[in-house]
1. Kindly indicate whether residue 19 is surrounded by 13 or more Cβ atoms within 10 Å (Cβ to Cβ), more than 15 Å from residue 340 (Cβ to Cβ) and either of a type in the set (Asp, Glu) or out of contact with any Gly (no Cβ under 7 Å at 6 or more places or on another chain) (or both).
2. For residue 188, only one of the following conditions fails: (1) surrounded by fewer than 23 Cβ atoms within 10 Å (Cβ to Cβ); (2) modelled with pLDDT under 90. What is its number?
3. Out of segment 1-16, which residues are assigned to a helix (DSSP H, G or I), exposed (fewer than 14 other Cβ atoms within 10 Å of the Cβ) and either at pLDDT 95 or above or not small (Gly, Ala, Ser) (or both)?
4. Please verify whether segment 122-143 includes one or more residues that are part of a loop (DSSP other than H, G, I, E, B), over 23 Å from residue 343 (Cβ atoms) and out of contact with any Asp or Glu (no Cβ under 9 Å at 6 or more places or on another chain).
5. If I filter segment 296-315 for residues that are closer than 21 Å to residue 249 by Cα, of a type in the set (Lys, Arg) and out of contact with any Leu (no Cβ under 8 Å at 6 or more places or on another chain), do I get at least one hit?
6. Here is a list of conditions, (1) closer than 15 Å to residue 88 by Cα; (2) out of contact with any Leu (no Cβ under 8 Å at 6 or more places or on another chain), and residue 179 meets all of them except one; can you say which number that is?
7. Those residues that are under 25 Å from residue 226 (Cα atoms) and in contact with a Leu (Cβ under 7 Å, 6 or more places away or on another chain), I need them from segment 75-90; list them, please.
8. Exactly one of these conditions fails for residue 158: (1) without any contact (Cβ under 8 Å) to a residue 60 or more places away in the chain; (2) touching a Ser or Thr at 6+ places or on another chain (Cβ under 7 Å). Give me its number.
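The values are calculated or read from the model by the stated rules, or taken from the named source; none is laboratory data. From a predicted model like this one, the values you see are computed outputs, not experimental measurements. A quick note on method: Cβ atoms are made from the backbone with ideal geometry, for glycine too, and the neighbour counts reach across all protein chains shown.
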Amino acid sequence: MSLLPYALARPFLFGLDPETAHELTLAALARTQHTPLSLAYCATRVSDPVELAGLKFPNRVGLAAGLDKNAHCIDGLAGMGFGFIEVGTVTPKAQPGNPKPRMFRLPQANALINRLGFNNDGLDAFIANVQQSTFRKRKGDSPLLLGLNIGKNAATPIENAVDDYLICLDGVYRHADYVTVNVSSPNTKNLRALQSDEALDALLGSIAERREALATQCGKRVPIFVKIAPDLDEDQVAVIAATLKRHGMDGVVATNTTLSRDAVKGLPHAEEAGGLSGSPVLEASNRVIRQLRTALGKGFPIIGVGGILSGEDAVSKIRAGADVVQIYTGLIYKGPALVTEAALAIKKSL
């Protein structure tokens, strides 16, 4: 059990600018993750194994990409009881992201808005940090899984986006349990255009071809997932589902943040540009998950993410059709105890 109730730390963190609080928290995790101080946030992992895409997930609750963009805190986060951790999004070259301020809390709605824009230290630094993590060396018959999330640089023209994804795939492939192709962030200009029929077909065709070459070269076949947006209609979801299957993708992450502000109208910061996450995204994400499950049929892996702030929210994702779930904003509002709560709730529901 964690020795430090998050309720004691939250008022201090919420008294700071959101991005400052985020960076301070990551710095604290990085400094303490290999020390006895990690007992302040560590928890016993719930055992609820499930096999997806040829991988054995120790339980059904993971960390969504975006919280640890540079893979500094993998071991600290692993100690919170997750079954899998996804870090990134990483781009080939380091980039600062969008101008500050670029992260805003909407506490009345248990929500965040961010327009960070894939700020990260670049592929080489990312891989070095992944290699320094020690969780894979820990004894146990069901090790935590690591997903590596890849994207494109803001300065790369959209017509050259495939090149960036292939550079990243080449770099992360041998270090990942699975790779997520992020085509759904609203904070990189034109990125979501890659979800359109022809663009997604071309991107995933290239990804699939490169994966075959890497599988031969590295002696292992790494599953590839694609992360999509909640702001899609049923026809768009059906096209994406068909494209995923056509190119042999191993799963889908549904969903990223939303551009919709319907659920937060009138709240402070509600009209800030960027992606909205947290409670207001729950139903939109679940809708896309249900549509994906209908289009993909049984057996195609779906990672459900968006709006999980309780065990009940996590269960709603499973009932919508997800196999496993991820949290991010819920961790900020509820703290590490949410990981165990969600994992136990899903285990009980199944």
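1. So residue 19 fits the description; yes.
2. In the conditions (1) surrounded by fewer than 23 Cβ atoms within 10 Å (Cβ to Cβ); (2) modelled with pLDDT under 90, residue 188 misses (1) alone.
3. Hits for segment 1-16 are 8, 11, 12, 14.
4. yes
5. yes
6. (2)
7. Within segment 75-90, 77, 78, 82, 83, 84, 85, 86, 87, 88, 90 qualify.
8. Exception for residue 158: condition (2).
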